[in-house]
Amino acid sequence: MKKIDPLFKVKLALEGKLIDDHIFNLISKKKTIVEDGINRIKKLTEIEFPQYFIEPSLLIATSPLEFEQFSIIYARTIPICNKENRIEIFIQLFAPLIIYGLRGTIHSVIAHEFLHYLDLLNKIINVDITSDTQNNTLFENIFSDNEKLFNYNRVFKKDKYLTKIITNKFEYGFNDERLNNKSIKLWIQKKLPIEKLPIEDNYTKISFSSLVNTEIEEGIKKKIAKLL
């Protein structure tokens, strides 16, 4: 798999003047916290972290049933079918998380997405073509998101601090008022780039043929099996 530059979209946004030098420099500076979190997870699990990239925008989930309410999404785990009809998995991190998030928050979000990554790998291993349930409300989405995860206490059991902060941040969906307030005040209200996502479209669908064509190394299969 070809390696991507985690900042490639941020650089394009700077060139296109969607963000300024200040925002670019903040993202570049705090990227080291992301790398530290990735190395932390790799050391704990001995499983390679998927490729990631930073999105120079903020993702807002909306629901037609919850008028004028929205939910901020700071990260997503995305399976992509490549030209060979094989699945490649990427972690998408949105800029406000990187800029305004504290170190523990960033690491907990990265760890949370890694659990989604493990879930997708497990689906590929078992050729599980069951699609995610579509949600019509932001409230439903919180609970369905938590259902699609490996048990973080097992996956990260050697790191008590990480498991504690995941418990605090994700007990009822992601909760960080400090980060939300900064994202609203310093990003949304300043009219920096935003993407809107209808909550009913926030689900993963993987084809049977791409599952069959995607191979997972035996060593990774054994490590995942121990985490179930």
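What follows is calculated from the coordinates using simple rules that are stated; it is not laboratory data. Remember, it's a predicted structure, so these values are computed and weren't measured experimentally. No Cβ is skipped: glycine too gets one built from the backbone with ideal geometry, and neighbour counts run over all protein chains shown.
Can you give the log10 of the normalised intensity I(q)/I(0) at q = 0.08, 0.13 Å⁻¹, computed with Debye over equal Cα scatterers of the chain? Debye output, listed in q order: -0.29, -0.81. Remark: spin-label model distance L228-H22 equals 5.2 nm, labels positioned 7 Å along the Cα→Cβ axis. Applying both filters, DSSP loop and at most 11 other Cβ atoms within 10 Å, to the GluC sites (Glu not before Pro) of segment 67-125 gives E68, E84. Note on the chain: GNM, Cα springs under 10 Å; of A13, A75, A95, the largest mean-square fluctuation is that of A13. Report the trypsin sites (Lys or Arg not before Pro) located in segment 13-109 that are in a DSSP loop and have at most 12 other Cβ atoms inside 10 Å of their Cβ, or state none. In loop regions of segment 13-109 (DSSP not H, G, I, E or B), the sparsely surrounded trypsin sites (Lys or Arg not before Pro) are K17, K83.
Estimated at 0.36 nm per residue, the fully extended path between E15 and K83 surpasses their Cα-Cα distance by 21.7 nm. Sparsely packed loop sites in segment 165-228 (the trypsin sites (Lys or Arg not before Pro) outside DSSP H, G, I, E and B with at most 15 other Cβ atoms within 10 Å) comprise K190, K191, K205. Suppose we keep just the DSSP beta bridges with both residues in the chain; what percent of those would be antiparallel, to 5? Once the DSSP bridges in the chain are tallied, antiparallel ones form about 50 percent.
What's the angle, to the nearest 10 degrees (0 to 90), between helix 218-227's Cα axis and the longest principal axis of the chain? On a 0 to 90 degree scale, this one is about 70. Centre-to-centre, using Cα atoms only, segment 28-97 and segment 150-228 are separated by 7 Å. My understanding is that a pair violates if its Cα-Cα distance is over 28 Å; which of K31/K222; K11/K83; K196/K226; K157/K196 do that in this structure? Flagged as over cut-off: K31/K222; K196/K226; K157/K196. Between the Cα long axis of helix 138-147 and the first principal axis of the chain there is an angle of about 30°, rounded to the nearest 10.
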